[in-house]
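Asker: Just passing along the structure, written as structure tokens.
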Amino acid sequence: MTLPKIFPERYIPVKYFLSSYRAFSDAEVALRHLREGRAGNHLPYSEWRIHWVATCSLLRTAIYLFRQDAKICVGESLGKEIAAEFKLIGDHRSEHQIFWDFIVNERNNLIKEYKWGAYKKWLDAEGNLARPSLVEIALSEEKYDVKLEIQSGVYKGKDALEVAEEGATWTRDRIFSAISRAGLHPDEPRGIYSFKPPPPSLIGGAMGEPG
């Protein structure tokens, strides 16, 4: 929604007007922590669990925030397209399997039952499943790799981070699809008070856009 005009007009990309996109952005941060931890082979159990919960929960939250964004008081067509996108996701579940069979299911497992669909696996240098003791891991950490794997359901056996990446891409695409159908571009600057585009004199200049 726009803000009361107390301060001079500032311009931000269209996507930041949507609560769904802001939640998605936070999910991307959590996913980045998982990705970087995986790349550096340092995913302590106490840490990856937190980032995993955050990633799955925020992706699910982003989509359900479509119901709030559908009531957005700027860009009438934007709200209508957000509502239409949310309806499509519900009406055509088979086309959005990553949402219903991963994002929703995993979030519900975590929040409602505190159960994980993804588990850590230790792999030896040849990529075979290993069961090292904590002492072995501490003394010979370079000998082992860590993999997060989905343990059940449609995505059983798949790399959990790859599935989460797919879920994040799908979520972003749903948001951007609605924005595009409304005749807008996700990065198109609009005024936080008026939702109008900036005057030509400001295009390409400093418009107060977030980094």
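Only the coordinates and a few stated rules stand behind these numbers; no lab work does. Given the structure is predicted, the values throughout are model-derived calculations rather than measurements.
Asker: May I ask you to compute the full-extension gain from residue 115 to residue 154, defined as 0.36 nm times their residue separation minus their alpha-carbon distance, rounded to one decimal in nm?
Answerer: Details: separation 39, 0.36 × 39 = 14.04 nm, distance 1.67 nm.
In short, 12.4 nm is gained.
Asker: State which entries of 115/147; 112/158; 87/112; 87/115; 112/156 exceed 27 angstrom in Cα-Cα distance in the structure shown.
Answerer: 87/115
Asker: Residue 148's amide H: which non-local residues (gap 5+, or another chain) put their own amide H closer than 5 Å, with H modeled 1.01 Å from N in plane and none for Pro or chain starts?
Answerer: Amide H neighbours of residue 148: 121, 160, 161.
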